[in-house]
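To start, the structure itself, in structure tokens.
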Amino acid sequence: MTTRKTGHEAERRGSQGTPRDDRLLRARFLHPRFWGVWLALGVLRAVVAAPQPARMAFGAGIGRLLWQFAGKRRRIVLRNLALCFPELDEAQRQALGRENFRLTGIAIVETAMGWWLPMDRIAELHEVVGREHLAAAQAGGRGVLLLSCHMLGLELSGAMIRQLTPFKALYREDRNPLIATLVRRVRRRRIEDVIANHDMRGMIRALKRGETIWYAPDENIQPRRGGIFVPFFGLQAATTPATARLAERTGCVVLPCYPQRLPGGRYRLIIEPPLTAFPSGDIHADTERINQLIEGWIRQQPEQYLWVRKRFRSRPPDEPPRY
């Protein structure tokens, strides 16, 4: 008796990239509403083949265009900068916002590099600090939670991490089905697998098996979805307590790591020592500790953070909206 494959199983098989799967993918997304996405992907694929200075110049041009024409996103970025850096005056925030948009454009190109640039070329552009912490964490046989945040260029840093160790990454489904399908397929070729960001059971199973998961908890998580309010840049921010929950449930090692963009189109991946005395049993204190760790990274390089999201969208009942 033959059984019908579920859509998820078919998609997992399709992620292996056989010629038949590629034909099915193209046929599904030939509708004119996807033509613009295909065009953009084609341009980015061509840019990846260019020398690194040309890639950076092209991305910077995208960023300057976004600053001029993405008014809604520009306002969100400037609002976030005003909330998080009240000590800066308007001119300083404008300058920081412009630089952030420039680097966001470059990050679009870096995402394409993470998808299509050969792995050895990616390694040539990177230096890794603290790889001994990863080796020591994995030597103990426990699962490893690579704790990161949404710095620009994360896709490229993920491709670098994969050259140090197999790992699974969390992902949020994109609203555009073509982009969502492409992201899943590319990530499954470049890393071990992906786990939906709401699949707590999947994360627990992987960590209990001693696997490594890349995780960035710096998102607005509404209280009705389990978020709790803890300080972030001096403001109460709705934050997931999942980092401490996962450590508590699995006994995993929490290993902080984050990328830095360096001058000249080069990159640094920093892996810090594992968190000690974590979790402490106080979920609010543990979640605040994670927020303060991430805040410290951002303050080192505020222009390199993904400010375009409404991080303070959810508010405590006694506070007014921030956007």
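The values are calculated or read from the model by the stated rules, or taken from the named source; none is laboratory data. Keep in mind that what you see is a predicted model, and the values were worked out from it rather than measured. Ideal geometry is used to build each Cβ from the backbone, glycine not excepted, and the neighbour counts take in all protein chains shown.
A few notes on this one:
- Search result, residues across segment 195-245 that are touching a residue at least 12 places away in the same chain (Cβ under 8 Å) and more than 24 Å from Arg311 (Cα to Cα): Ile204, Ala206, Leu207, Lys208, Arg209, Gly210, Glu211, Thr212
- So Pro279, is it assigned to a loop (DSSP other than H, G, I, E, B) and surrounded by 13 or more Cβ atoms within 10 Å (Cβ to Cβ): yes
- The one condition in (1) within 18 Å of the chain's Cα centre (by Cα); (2) of a type outside the set (Val, Ile, Thr); (3) not in a loop (DSSP other than H, G, I, E, B) that Glu288 fails to fulfil: (1)
- Qualifying residue in segment 100-114 (condition: surrounded by 13 or more Cβ atoms within 10 Å (Cβ to Cβ) and more than 20 Å from Val308 (Cα to Cα)): yes
- On the stretch given as segment 244-269, residues that are surrounded by 15 or more Cβ atoms within 10 Å (Cβ to Cβ) and either touching a Gly at 6+ places or on another chain (Cβ under 8 Å) or not in a strand (DSSP E or B) (or both) total 14.
- Single condition Pro166 does not satisfy, out of (1) surrounded by fewer than 14 Cβ atoms within 10 Å (Cβ to Cβ); (2) modelled with pLDDT under 90; (3) not small (Gly, Ala, Ser): (2)
- Candidates Gln52, Gln92: the one that is over 30 Å from Arg322 (Cβ atoms), modelled with pLDDT of 95 or more and of a type outside the set (A, V, I, L, M) is Gln52.
- Any hit, segment 25-47, residues being over 23 Å from the mean Cα position of the chain (by Cα), assigned to a helix (DSSP H, G or I) and modelled with pLDDT of 95 or more: yes
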